[in-house]
1. Please give the peptides 344-352, 125-133, 332-340 ranked by average Cβ packing (other Cβ atoms within 10 Å per residue), highest first, as a rough proxy for protection.
2. Are there chymotrypsin sites (Phe, Trp or Tyr not before Pro) in the range 56-146 that DSSP puts in a loop and that have at most 12 other Cβ atoms within 10 Å, and which ones?
3. Can you tell me what percent of all Cα-Cα pairs in the range 1-109 are more than 24 Å apart?
4. Can you give the three extents of the C-alpha atoms in the range 361-402 along their principal axes, from longest to shortest, in whole Å?
5. Can you give the Rg to Rh ratio for the chain, taking only C-alpha atoms and Rh from Kirkwood?
6. Please compute one quarter of the surface area of the Cα convex hull for the range 193-333 and express it in square nanometres.
7. Report the one residue of 232, 390, 371 whose Cα lies farthest in the direction of the positive end of the charge dipole of the chain (charges on C-beta: Lys and Arg +1, Asp and Glu -1; origin at the Cα centre).
8. Could you give the length gained by full extension between residue 16 and residue 322, i.e. 0.36 nm per residue of separation minus their alpha carbon distance, to one decimal place?
Amino acid sequence: MNPDNFQNIISFIRQTFKTPEGFIPLHEPRFYGNEKKYLEECIDSTFVSSVGKFVDRFEEMITEFTGTSKAVVCVNGTNALHLALLLSDVKPGDEVITQPLTFIATANAISYCSANPVFVDVDRDTLGMSPRKLEEWLEENVEMKETEAKVEVKAENSKPQSPPWGDLGGLQPFNKSTGRRIAACVPMHTFGHPCRIDEIVHICNRYNIKVVEDAAESLGSYYKNQHTGTIADIGVLSFNGNKTITTGGGGMLLFKNKELGEYAKHLTTQAKVPHRWEFRHDHIGYNYRMPNINAALGCAQMEQLPKFLKAKRELAKKYDAFFSTLTSTFVTEPSHSTSNYWLNAILLNNKEERDQFLEQTNNAGVMTRSVWELMNRLPMFQDAQCGDISNAEWIADRLVNIPSSAII
Ligand SMILES: *Cc1c(COP(=O)(O)O)cnc(C)c1O
């Protein structure tokens, strides 16, 4: 039997959330600001859909908050990841490296490009991709081969047919065992805790691999004082209902290169050529733009973000102090980083203890859950190439998320 008394943990959570009885969810949104006012403005003006001032304002607010060069709103984070991979020149049959410990959206976006995921282990302290394991996998599996440039002809009065950086050819990485090109790498900042993103970008640059930062969970998290999602060339945020702020459903692309961001904006709006009356499209575009009504919610939520982040840090501090007296470990922000503590997590001593904890807390109306089933164990990805993933397996057996809503 576990030396920690799970009943004490349940009482502590109930007391902290000032909820002596009834259900305590894992993460709830908070609408205490201008949400209703902005939604009403939207409805009164009839601009609820693909045109309206809140879309531009929301992009500006995110640009300013994260310090990115260009932010582009999307209907959700999964679509934003899909577009980020297309813009990273991921082609059918390519391989894309990611981590086995992530939410399904990361791996699904790779599949939407008809590319194949490769799973590289995480670090135990960050819960995100391990640069050391990444480097080991690349050293063992990759050969660099000379390829020819595929520069497409630019049509007159048209945007370029491929992203500004295009397929420039040159030395490219190929997987020795599958013969496929390795096009991109998607590390993820798990539960808002930043991974060692600078080292990952550095390694990938050496191999000519593009990096897309899945920062869906880490709005308000910083790595070495830089906002997550702005360290690689492209980053992605999510505003799903359970994230730190919500737009109902929504996502955002963050770009280092402004020109690439403008090209992305064009693609998310059906690639329509701007004109007063002519209706012409110069690409296969996507209807990935966020409606004004969702952006209205986003603007109101962004105003509240500093308050949410403060409340989440206070909650994490309370949890940390409480769990320091027990044998289970509270997961704290890694060194060199500031976490938004989106979802709080603890590590139990083993899988059996984890299962007992999940059973007891959920029976008591305190919502807790184990981490996502590792991607390589899912039927769609069980044949995917996978390095040594012992850290992800260790974490998956022990980690449990505990209630994390901002207490305001
Ligand atoms: C939430 C999330 C996404 C995007 O999800 P949407 O619901 O499509 O906005 C992507 N990756 C990770 C890791 C996430 O947690």
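1. 125-133, 332-340, 344-352
2. Loop-located and lightly packed - none at all.
3. That tail contains 58 percent of the Cα-Cα pairs.
4. In descending order, the Cα extents are 40, 21, 10 Å.
5. 0.99
6. Its average projected convex-hull area is 11.8 nm².
7. Comparing the listed Cα positions along the dipole, 232 ranks first.
8. Length difference between fully extended and current span is 109.1 nm.
Coordinate-derived values only; no laboratory data. The structure displayed is predicted, hence computed values, not measured ones. Cβ sites come from the backbone with ideal geometry, for glycine too, and all protein chains shown count toward neighbours.
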